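Worksheet: one structure, shown below.
The values are calculated or read from the model by the stated rules, or taken from the named source; none is laboratory data. The structure displayed is predicted, hence computed values, not measured ones. Cβ: placed from backbone, ideal geometry, glycine included. Neighbour counts: every protein chain shown.
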Amino acid sequence: MKKKKIGVYICHCGGNISDYVDVEKVRQAVEGDDIVFLAKTTMFACSDSNQRDMVEDIKANDLDGVVVASCSPKLHLLTFRNVSVRADLNKYTYVHANIREQASWAHSDNKMGATEKAIHLVKAAIAKSRYADALETNKIKAIKAVAVIGAGVAGMKAALSLAEKECDVILIEKESFVGGRVAQWDSLSTTTETGKEMVKRLYNELVKHENITILTNCEVIENKGSVGNMLLKIKKTPRYIGGTCHPEDLKRAIEVCPVEVPDEFNFRLTTRKAIYKNYPSEYPQTPVIDIKNCTRCGACEKVCPAIDFSEKEEILEFSVGSVLMATGFDSYTPAYGEFGYATSENVITLPQFKRLIDTQSDKLIYKGKEINNIAYIYCVGSRQTDGENTYCSRNCCTSTIHAAVTAKTKFTDINNYHFNRGLRTYGKQEILYADSLSAGDIYLQSYEDGLPTVTLEGKKTIVKINDILTNGREIEVEADLVVLVTGMVPRADNKVGSLFKIPKGRDKFYNEVHMKLRPVETVIDGVTIAGACQGPKNIAESVNSALSAATKSYSILSKGELETDPLVATIDPEKCTWCGACEAACPFDAILKIEKGTKVIADINNTVCKGCGMCAPVCEPDAVNLIACSSAEIMSMIDALV
Amino acid sequence: MADINKKSAKILVFSTEKISDPAIDMAGLLKLHYPPTVYTISIPCSSGIKPSWILYAYEKGFDGVFIAADGSDCVYGESCTEKTGHLVGKTHNLMKERGVEPARLRMAAICSVCSESFVKQMRTFNEYLLKTLHA
Ligand SMILES: Cc1cc2nc3c(=O)[nH]c(=O)nc-3n(C[C@H](O)[C@H](O)[C@H](O)COP(=O)(O)OP(=O)(O)OC[C@H]3O[C@@H](n4cnc5c(N)ncnc54)[C@H](O)[C@@H]3O)c2cc1C
Ligand code: SF4
Ligand code: SF4
C-alpha cells in the first residue's frame, strides 16, 4: 500500500494557543513522523488566507490528508473538512486536534506541561490520520413529505409552516378532535384570544392547504425504513358517524344516549355521554361515538340518521421523509392524600380549576357551595426534593396567577391566597403578577423543607404555612377550595416514542441532541421534536420550537436526496459467530442476522445504524468495530499519548 | 520532563463527543486547571468503550483510566448508563485477573456543563494515583 502523505498545521490562535504552548516546538516534534510531509505553524488556521494556503499545499503536494491542531472541533471541524473537500480530498480524511481548550487554556498555569500535552495530542491525531480513509456518504432519495404527530398548537403550527414550504404534510391526531390542551383552556395568559378561538383559527388555516392531510382518531402503529423514506402504518378508529350530522339530530342523539362517563375534557369534573363533542365549535365538526363505553343500545341511531355502526377500523399507509413529534404533555396527578388530594372534597388541580372557572358565571360554585377563599398550592409535582420531577414546569406560576385574576374579575367575593415557593413569572408574564398584587391577592412563601399543610378540621379545610416573607410566622387560611398547581409531566402513553426510539432525558421528556446548538433534533435521523413533548413550555415557546422543527425537518428533505453519515459499525465476517449479543445491545435495531455463504453472521443496516458503538464491547470474538473508532485506531492513539 | 509534570499521574480519559467533550472544553475555556498529563480520546458514546482498550492503556504505561460517561443525558438512549456500568464491571474483573488494581479505573457521569466536576475528578484521581503508584 502506498504510504500516506499528510500536512499538519499548528495554530497560534492569535496568542490564545501560542502564549502557553510553544507551537514551534510542537511543529518540530511532529515534522519527522514518517507520514508527515509538511508541518507548519499558522497565526490563524481558520483565516481565509490560511485556508487558501492549505488548499494549495494539498494540491501542489498531492497530500492524502491533513491534521489541524487548533481550537475545539465543535468550532472548526466542519471548516477544515470543507477545506479538504475544496482541495479534492474526501472530508473524512481530515483529523482535528484540540490544543486550545484542552491544552493551552486548560494548562495556562504550566506552559511546559501544556506544550508536552499538545505534542502528544497532535501525535495522536497523526496516528488517527493513518486510518482516516476516504468514505462515501450514503446517498438516499428523500420523500418530500413530513408526518406531524399530534395536532396541538405545536403540531398545527408546524404543519402550516411545512405546507407553506410546499411540502406534503400528514397531521396525525390520536384524539377525535384537534387542538390538544389549548382547546381545554378558555382564557389564556398574555393574549386576548381564547384557547378555543386559537384552535379554530389554526384549523381554518390548515384546511385551506391542499397539501395537508388531517387525520383524527389515528395512531401510528408501525414505522419502517429510515430518514428520507419512512413507511408509517396508521390505525384509524371509526367515528361511527358518516357524513355530516345535523346539529338538531346530534343534540337529540346526545339527549337519548343513556351512558354517562367521566368527562376527561373537563378533567373528570363532569360527565359526558358516549356520543359527544367536547364543545360546540370543536373541530372536526363531526361528533364521535366513544365505542369503548357505548352499549350499542341503538337509541341514538333512531334519532340521527348519520350514525353508522358498520364503520370498521382502517389501516392507512403513508411514506414520509421525516417525522415531527408534537405529542404534548400530561398534567401531574397528585398522589392519594398529597395536600388532601382525593381525601378532601375541596381539593382540585389547576387544570380542573381552569375548566371550573371557564364553565361558570356570576358566582363560583363547587360541589353546590359558593367559593370565596381560594388557596393555591404551587409546585405540586414539580421541583420535588423527594420525587423524580426535580424540574420546574415553567408555565404553572403564570397560569395560576392568570386563573386567579380571571376568577376575581369574573366572580363576586373571591379572595386569592398563593402558597408558593418563589414565583417564576418570567419575561412579560411579570405584568400578570403585578396585576394580581394590585387586585389584593395574598402571597405566602416557603422553601421546599417547609411546605404548607392541608388539614380537615370538621367541615373546614385549613391551609397552614410558616411564611418566610413574614419571618416564618405561622399563617393559616380557611379555604373553600384548594387548588393544587400541578405541573407538566411526559405523556403517560409513550407507545409512539418507543416506536421511533426517541431518547428521553433526565426529566423523561423527549431529548434533543443539544439544548442550545441542536434544540429540535433528536439522535434519530429525520425525527424532530416540538412543543411540550420536549419539556414544559407555554404556547409561545411551543410555537417557536414547532417553527424551528418544521424548518429542520424540511431542510433534511428539501433537495430530494440526502446524505447519511458513514461512521457506522462494521462486522468482521471471519470473526463473527452469530451469538446475537450485538443485536441485543443495539438500541436502534440496526443489526440483522444474515447468511453469508455457509455461515450465519451479523450485518449492519448502514442507514439505521447511529454509530453509537454499543454493539462493539459486547462482542466476545471482537468482530465489531466502529468506523473511525476501531480498536486499531484507538490503540494507536494510546501509543501516541503515552 | 520538568519537575512540575513529575507530580502528575498519566490519566487517559474516554470522553464523548456530544456530552462530556463540551464539559472538558469548557473547563479549558474557564481556565479551570487540572494536571496536563490528562489526555482525552473522544468517542461517540461511553457504552462503546472496549475493555481491551482500557487494558491496553495500562499495559502501555497509563496510571489511570477515567470514563467521562454520558449518564442519563446520553443521546443514544437510556440503556447507556447500564451498558457503561456493565463494561466497567467487566473491565474491573479483567484488571483483577491481570493484577491491576481495579481502583485505577474510574467512571463518573459528566454532563455537558459539568466542567467543575470533571476538574475535581481529575484532581482527586491524580492524587490517588500519585499516592498509590508513585509514593
Ligand atoms: C392548566 C394549564 C394552563 C395553561 N395556560 C396557558 C396559557 O394561558 N398560556 C400559554 O401560553 N400556555 C398555557 N398552558 C400551556 C399550554 O397548554 C401548552 O404550551 C400547549 O398545550 C403545548 O402544546 P403542544 O401542542 O406541545 O401539546 P398539547 O397541547 O398537549 O397537544 C399535543 C397533541 O398531541 C396529541 N397526541 C398525543 N399523543 C399522540 C399520539 N401518540 N399520536 C397522535 N397524537 C398524539 C394529543 O392528543 C394532543 O392533541 C397551560 C397549561 C396548563 C397545564
Ligand atoms: S456479537 Fe459478535 S459474534 Fe455475536 S453476532 Fe454480533 S458480531 Fe457476531
Ligand atoms: S453502533 Fe449503535 S446503532 Fe450502530 S449497530 Fe452498534 S449499537 Fe446499533
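Of the numbered conditions (1) within 7 Å of chain A (Cβ to nearest Cβ); (2) under 28 Å from residue A:587 (Cα atoms); (3) among the aliphatic types (A, V, I, L, M); (4) surrounded by fewer than 20 Cβ atoms within 10 Å (Cβ to Cβ), residue B:43 satisfies every one except a single condition; which is it?
(4)
For region A:602-637, how many residues meet the condition of being within 8 Å of chain B (Cβ to nearest Cβ), in contact with a Lys or Arg (Cβ under 7 Å, 6 or more places away or on another chain), free of Cβ contacts under 8 Å to residues at least 60 places away in the same chain and more than 9 Å from ligand 3 (Cβ to nearest atom)?
3
Scan region A:546-600 residue by residue and report those that are of a type in the set (Gly, Ala, Ser) and under 28 Å from the mean Cα position of the chain (by Cα). Before you say what the answer is, go through the steps one by one.
Within region A:546-600, the subset of a type in the set (Gly, Ala, Ser) is A:546, A:548-550, A:553, A:555, A:558, A:560, A:569, A:580-581, A:584-585, A:590, A:597.
Once the filter is applied, which keeps residues that are of a type in the set (Gly, Ala, Ser) and under 28 Å from the mean Cα position of the chain (by Cα), region A:546-600 yields A:546, A:548, A:549, A:550, A:553, A:555, A:558, A:560, A:569, A:584, A:585, A:590.
Name every residue in region A:1-15 that is surrounded by 18 or more Cβ atoms within 10 Å (Cβ to Cβ) and over 16 Å from residue A:128 (Cα atoms), in order of residue number. Explain how you work it out, then say what you get.
Initially, region A:1-15 is screened for residues surrounded by 18 or more Cβ atoms within 10 Å (Cβ to Cβ), giving A:4, A:6-13.
Hits for region A:1-15 are A:10, A:11, A:12, A:13.
With the requirement that a residue be under 28 Å from residue A:335 (Cβ atoms) and among the hydrophobic types (A, V, I, L, M, F, W, C), what does region A:387-434 give you?
A:392, A:396, A:397, A:401, A:403, A:404, A:407, A:419, A:423
Considering only region A:595-619, how many residues are acidic (Asp, Glu) and at pLDDT 95 or above?
If we filter region A:595-619 for residues that are acidic (Asp, Glu), which is where we start, we get A:595, A:603.
If we keep only those that are at pLDDT 95 or above too, we end up with A:603.
Residues in region A:595-619 being acidic (Asp, Glu) and at pLDDT 95 or above: 1 in total.
Being buried (at least 18 other Cβ atoms within 10 Å of the Cβ) and more than 26 Å from residue A:330 (Cβ to Cβ) is the filter here, so list the residues in region A:244-285 that pass it.
Correct list: A:245, A:250, A:253, A:254, A:257.
Take the residues in region A:466-517 that are in the same structural domain as residue A:355 (by TED's automatic domain parsing), among the aliphatic types (A, V, I, L, M) and without any contact (Cβ under 8 Å) to a residue 40 or more places away in the chain, then tell me which one is farthest from residue B:80 (Cα to Cα).
Taking the candidates together, the pick is A:475.
Cβ-Cβ under 6 Å, sequence separation 6+ or interchain: first residue in region A:82-109 and closer than 21 Å to residue A:637 by Cα and assigned by TED's automatic domain parsing to the domain that holds residue A:56, partner hydroxyl-bearing (Ser, Thr, Tyr) and assigned to a loop (DSSP other than H, G, I, E, B). Which pairs?
Hits for this filter: A:98/A:72; A:101/A:72; A:104/A:20.
Which of the strands (runs of 3 or more DSSP E) found entirely inside region A:133-181 contain at least 2 residues meeting this: at pLDDT 95 or above and surrounded by 24 or more Cβ atoms within 10 Å (Cβ to Cβ)?
Details: elements: A:138-141, A:145-149, A:168-172.
It comes to A:145-149, A:168-172.
Which residue out of A:590, A:581 is more than 16 Å from ligand 1 (Cβ to nearest atom) and under 20 Å from residue A:631 (Cα atoms)?
So the residue among A:590, A:581 that is more than 16 Å from ligand 1 (Cβ to nearest atom) and under 20 Å from residue A:631 (Cα atoms) is A:581.
Would you mention how many residues in region A:81-103 are polar (S, T, N, Q) and facing chain B (nearest Cβ under 8 Å)?
Number of matching residues: 2.
Give me a count of the residues in region A:510-528 that are closer than 23 Å to residue A:395 by Cα, more than 10 Å from every other protein chain (Cβ to nearest Cβ) and either buried (at least 23 other Cβ atoms within 10 Å of the Cβ) or touching a Leu at 6+ places or on another chain (Cβ under 7 Å) (or both).
3
Take the residues in region A:584-601 that are more than 12 Å from ligand 2 (Cβ to nearest atom) and more than 14 Å from every other protein chain (Cβ to nearest Cβ); name whichever of them is surrounded by the fewest Cβ atoms within 10 Å (Cβ to Cβ).
A:598
Among the helices (runs of 4 or more DSSP H) contained in region A:12-111, which hold 1 or more residues that are of a type in the set (Asp, Glu)? Write out each step before concluding.
On the way: elements: A:23-31, A:48-61, A:73-86.
Hits in region A:12-111: A:23-31, A:48-61.
Mind checking which residues of region A:358-374 are among the β-branched types (Val, Ile, Thr), more than 10 Å from residue A:483 (Cβ to Cβ) and not in a loop (DSSP other than H, G, I, E, B)?
Matches in region A:358-374: A:365 only.
Is one or more of the residues making up region A:187-208 more than 16 Å from ligand 3 (Cβ to nearest atom), closer than 22 Å to residue A:554 by Cβ and of a type in the set (S, T, N, Q)?
For region A:187-208, residues more than 16 Å from ligand 3 (Cβ to nearest atom), closer than 22 Å to residue A:554 by Cβ and of a type in the set (S, T, N, Q): absent.
Test residue A:531 against the stated conditions and say whether it is touching a residue at least 24 places away in the same chain (Cβ under 8 Å) and surrounded by fewer than 21 Cβ atoms within 10 Å (Cβ to Cβ).
When the stated conditions are applied, residue A:531 does not pass them.
With respect to residue A:571, determine if the residue is farther than 23 Å from residue A:231 by Cα, near ligand 2 (Cβ under 9 Å from one of its atoms), touching a Phe, Trp or Tyr at 6+ places or on another chain (Cβ under 8 Å) and of a type in the set (A, V, I, L, M).
no
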